[in-house]
Amino acid sequence: MEEAMVVEVEAVKASHLPRSQHFPRATCYPLLRSHLPDTRGATTHHGVESDWTHPRVSNAALAMGRCLPLLLVSALLFGWAVGLQVFTFQENGVATESSVAVYEGEVSLSRKVYSLTFCMRFKIFFLQQRGTIFFLQETAKERFWMLRGEVWVDKVRVTISHTWHFMPLDIQLWAFRWYHLCFTYNHTSFLIQTFLDGKVVQHAYYDVGRPVFGDYIGVGNGQAITESYSGVITQVNVWDKVLSDEEILSIAHCKADPQGNFVSWEAGWTLYNATAEDVPLARLCHEEQERIYFWFPDTTDAEAQYVCEALGTHLPIVTSLEETLYLYELVKTMWPDSDHCPVYYWSSLNDKEEEDVWVHSYNTSLIDTTSFWAPNEPNGGRYENCVAINYFGTIDDDCAWKRCALCTFTEPQRFSFLGTCEPELRNVYFVAYQEEYGGLLFKSYGAYHIEKRNGTWVYFDTVKDQDIATMEPFDPDFPMGRRWWRLEREVCGQEKPGQRLMLLTPCLSHHFTCDDGTCILHHHRCDLKYDCRDRSDEMECELISFPQDYHQHLPPRVPGEENSKLPVTIKFTIKSIDVQTVKMSMKLSYELEMIWFDNRLNYFNLKANDSLNNPRLDAMMKLWSPLVKLLNTDTIDQPLLAEDANTVVKRLAESLGRDEGAAAEVDIYSGKENPLSVSRKYSTVYACQFDLTLYPFDSQHCDIHLQIVSGQVSFLDVHPNSSVKYLGSDVLNEYQISELRVLLEEGYESGETRVRIPMTRLYGNSILTIYIPSLILMIISYLTLFFRTAIFDVRVMVALTALLVLATLFAQASSSLPQTSYFKMVDIWLLFCVGITFLVIIFHILIDNRLFSHDNQTKVQAFNEPFRMKLGAMKPAAPRQGRRRWAPLSISVEQLELLAKASTLLLIIAFIVGYLVYIMT
Ligand SMILES: [Ca+2]
Ligand SMILES: [Ca+2]
Ligand SMILES: [Ca+2]
């Protein structure tokens, strides 16, 4: 093993390239890199390339250390290849007017171009106010804006014959990345298109109306210090025609390199204060992934985790002896003069949770146990739960020991410094640099720096040469994450000397940064579960931003519109209905939801899931809300907002943008477009007015009658979209509930509305308990007419019994209903039944009477003989004489009986038909 290692070390040394003449300038390239040649493999750990089987490190590159130009490295290794000329301007980012490349090809005022295609490839290092890549001018008449291409972080601009067109980009440009940009202009269709990396990203129509011509072409400067360019430029070509989309795509993808017929990149340029290299065309599209290493000595495991993660990467994991050896040699060659990392540096593994179960500390994912251990390791048991890497492999180690931290990047990270209210994105984005061993420095795309000076982190404006803020002491002493800064000048409207929370983060815009600088997805912020390790994602979840002049008693109104009313949408959700017919009332349990827009408010970080958009109770109680007046009930005024109310903000519209003053990723949503919704449960008894004339064949309705008010005068209106929903069963004890609806009628007062609950009575019970028994009783009493005429006692007895039962039924039916002064249908029916029975009894008496007098006159003796004998003994003749007097009709008993049967039947049928017809209509 020893021998193998020695051989490997020798290999490193043998591959050292001579350092002379490859680095002709003393300018510093901002990043420490070591270039790894093509021959390496492609195993990848968590996005960080790490194959180390051929650790040939450019000695020159390592020896130069902090001054290592990326492109020069490329030239160094690929210098033999015939390549494209690539110009580098203002490598250190210091704006100068003098860095420019002037076109040597043929250009004359007489060559006029109408339609055109205008392409360039570039890589930004830093951005001045306007990064001018190319310009064409007519010098004599001072027409400086004949043709121009400029770039910003989030937009580009093309100027064609003094008309300029901003083209916003969907993406934001990164520093240190190649982009291919083309503009086309068709002078017949007036279409101006912008292509980024071969794809159309923006278009516009504009009739330029003038040709493009000029006599002077420059690249890398727009003739003013603020219009100069810092970065790399190549392949600037202009054609006097519109190239097809396919041609532009093939240029962007390095498959072709046609030269422009108006301006050709190969025609030659004179450089002033700029440098040129040759780079093979293919490398512009498939750039070598060069690793960047940052080293931090004397850190505990926790500090090492933090510093790498807050820089946007993780501690390394090694899988072979070669890797450990490579890193060991790397630090020795990169920082030969420093007291460089001793034997150990931290790895991202630990077994803190469970002994001998090794997990990644950043996502707790398990790794298999085949990772590379040094001899006799792991041996620390519960005393050594972190993993360090040394010359012989990985060891378990005490987490509190001071070891080295090594952070590896495949490309420069982009950091955002939030909470500064910087209007220009170039001053928000930063890149990290390590210019000395263990050091750290952040430079913005623009002119700001965050650097450590005399032990204090300073936020610094290099253009004005002025400190903006200094960081309050913090452990660990790095600016990444959410930190308090002491202001040295006004920031975001906050005067100095004040303390301001600001955030330096490597997270991208769809992330939220935890206090420790680690990233979680943005929608995990304030979602009621912890996602950050430091639990900072559930802190300070303010949802509502109240303006200074917010008053709870003032309703939201549109300024300037005197008669405007705030429309409030009301939504009822009725859970249960209990109707009391006798008391003429209705008990409801329901939820009342009111939705309105408060144009004074702004909301932060609204979620798509409304139920997460709950303001805190104290914020909720500060909100204005309508007062609910329930009109047909004892409870009169109901405040909507109370502790048991549920308040949510509904996200209906997209965000207005980021809050530039917040030290976090905060999206702002407008109160004009995203409504507030307050819902509260009520249980209320409402008074109803029932008209029982048709009982039990009646339909009723009962209304919830309410008014929403605000203060004394009502500025509120019920929105026509208001709705009602009933969740219970349609069939109640006594009623069938039909479709509920919200009534909004013209005659109502402002803010007044009713919810109508229509009900149809279920008459089955009445039929069963009243109508059928009474009908049977009536029929029985009618049937007594068919009994033998002779048994008067039985006939009358049966009819009287029926009458008695009917009267009882009547009393019973009336007692279960409200006392009304008018007749109900059921009353009429029962009265009729009673009446018919009464009539039958009368007929019985008449018939009997008739029969008796008839008997007296005629024969029928045999049957009554014994009776008559007794009566005769008592001399009954006299009363019979009297009876005959009030029965003057000379009709026979049979006729009378027929009359009784027929008339009663007719009466019954006529009544039932009439009754049914009345109910039906
Ligand atoms: Ca252990
Ligand atoms: Ca150990
Ligand atoms: Ca969370």
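The values are calculated or read from the model by the stated rules, or taken from the named source; none is laboratory data. Nothing here was measured: the structure is a model prediction, and the numbers come from that model. Every residue, glycine as well, gets a Cβ built from its backbone with ideal geometry; the counts of neighbours run over all protein chains shown.
A quick yes/no check of all residues on (1) in a strand (DSSP E or B); (2) touching a Gly at 6+ places or on another chain (Cβ under 8 Å); (3) aliphatic (A, V, I, L, M); (4) in the same structural domain as S611 (by TED's automatic domain parsing):
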{"position": "V678", "(1), (2), (3), (4)": "yes, no, yes, yes"}
{"position": "Y682", "(1), (2), (3), (4)": "yes, no, no, yes"}
{"position": "V685", "(1), (2), (3), (4)": "yes, no, yes, yes"}
{"position": "F690", "(1), (2), (3), (4)": "no, no, no, yes"}
{"position": "D703", "(1), (2), (3), (4)": "yes, no, no, yes"}
{"position": "L706", "(1), (2), (3), (4)": "yes, no, yes, yes"}
| task | With the checklist (1) surrounded by fewer than 18 Cβ atoms within 10 Å (Cβ to Cβ); (2) more than 10 Å from ligand 2 (Cβ to nearest atom) in hand, flag the one item S416 doesn't pass. | result | (1)
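From the list Y590, Y550, which one is part of a loop (DSSP other than H, G, I, E, B) and either within 30 Å of the chain's Cα centre (by Cα) or within 16 Å of ligand 2 (Cβ to nearest atom) (or both)? Let's see the steps before the verdict.
Working: Y590 fails: part of a loop (DSSP other than H, G, I, E, B).
Residue meeting the stated conditions: Y550.
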| query | Considering the range 318-353 alone, what residues qualify as being surrounded by 19 or more Cβ atoms within 10 Å (Cβ to Cβ), touching a strand residue (DSSP E or B) at 6+ places or on another chain (Cβ under 6 Å) and at pLDDT 80 or above? | reply | Y345, W346, S347, S348, L349, N350
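Just checking, how many residues over the range 248-294 are among the charged types (D, E, K, R) and in a strand (DSSP E or B)?
Summing the residues that are among the charged types (D, E, K, R) and in a strand (DSSP E or B) in the range 248-294 gives 3.
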| N427 away from ligand 2 (no atom under 13 Å from the Cβ) and either out of contact with any helix residue (DSSP H, G or I) (no Cβ under 6 Å at 6 or more places or on another chain) or on the phi > 0 side of the Ramachandran plot (or both) | yes
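Of the residues T820, T801, which is part of a loop (DSSP other than H, G, I, E, B), more than 30 Å from Q707 (Cα to Cα) and not assigned by TED's automatic domain parsing to the domain that holds F690? Let's see the steps before the verdict.
On the way: T801 fails: part of a loop (DSSP other than H, G, I, E, B).
Just a single option satisfies the conditions, and that option is T820.
Among the candidates Y550, Y590, single out the residue that is out of contact with any Leu (no Cβ under 8 Å at 6 or more places or on another chain) and of a type in the set (F, W, Y).
Numbers: Y550 fails: out of contact with any Leu (no Cβ under 8 Å at 6 or more places or on another chain).
Of Y550, Y590, the one residue that is out of contact with any Leu (no Cβ under 8 Å at 6 or more places or on another chain) and of a type in the set (F, W, Y) is Y590.
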| Hits in the range 119-171 (condition: over 37 Å from the mean Cα position of the chain (by Cα), among the β-branched types (V, I, T) and in a loop (DSSP other than H, G, I, E, B)) | T139
| task | Look at the range 295-305 and say how many of its residues are under 38 Å from the mean Cα position of the chain (by Cα) and surrounded by 22 or more Cβ atoms within 10 Å (Cβ to Cβ). | result | 3
| Across the range 372-395, which residue is surrounded by the most Cβ atoms within 10 Å (Cβ to Cβ) among those that are away from ligand 1 (no atom under 14 Å from the Cβ) and touching a residue at least 40 places away in the same chain (Cβ under 8 Å)? | I389
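Every residue, every condition in (1) within 16 Å of ligand 1 (Cβ to nearest atom); (2) surrounded by fewer than 18 Cβ atoms within 10 Å (Cβ to Cβ); (3) not assigned by TED's automatic domain parsing to the domain that holds S320, yes or no:
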{"position": "D397", "(1), (2), (3)": "yes, no, no"}
{"position": "V431", "(1), (2), (3)": "no, no, yes"}
{"position": "K443", "(1), (2), (3)": "no, no, yes"}
{"position": "D461", "(1), (2), (3)": "no, yes, yes"}
| query | Can you find even one residue in the range 616-630 that is of a type in the set (S, T, N, Q), over 14 Å from S683 (Cα atoms) and outside any loop (DSSP other than H, G, I, E, B)? | reply | no
| request: Kindly list the number of the only condition in (1) away from ligand 3 (no atom under 16 Å from the Cβ); (2) free of Cβ contacts under 8 Å to residues at least 60 places away in the same chain that fails for T569. | output: (2)
| Conditions: (1) touching a helix residue (DSSP H, G or I) at 6+ places or on another chain (Cβ under 7 Å); (2) surrounded by fewer than 20 Cβ atoms within 10 Å (Cβ to Cβ). I544 meets all but one. Number of the miss? | (2)
| said: Just to check your reading of the model, which residue among G728, G661 is part of a loop (DSSP other than H, G, I, E, B) and within 30 Å of N427 (Cβ to Cβ)? | reply: G661
| Checklist (1) touching a residue at least 60 places away in the same chain (Cβ under 8 Å); (2) outside the structural domain of G671 (by TED's automatic domain parsing) applied to S536, failing item | (1)
| note | Just one listed residue, out of E355, E287, E303, is without any contact (Cβ under 8 Å) to a residue 40 or more places away in the chain and either more than 16 Å from ligand 1 (Cβ to nearest atom) or touching a helix residue (DSSP H, G or I) at 6+ places or on another chain (Cβ under 9 Å) (or both), and it is E355
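If I filter the range 473-520 down to residues being among the aliphatic types (A, V, I, L, M) and touching a helix residue (DSSP H, G or I) at 6+ places or on another chain (Cβ under 9 Å), which single residue comes out as surrounded by the fewest Cβ atoms within 10 Å (Cβ to Cβ)? Walk me through it before giving the result.
Start the filter on the range 473-520 by keeping residues that are among the aliphatic types (A, V, I, L, M), which leaves 480, 487, 491, 501-504, 508, 520.
Checking the rest, the ones that are also touching a helix residue (DSSP H, G or I) at 6+ places or on another chain (Cβ under 9 Å) come to 480, 504, 520.
Details: M480: 25, L504: 27, I520: 19.
Looking at the filtered set, the residue picked out is I520.
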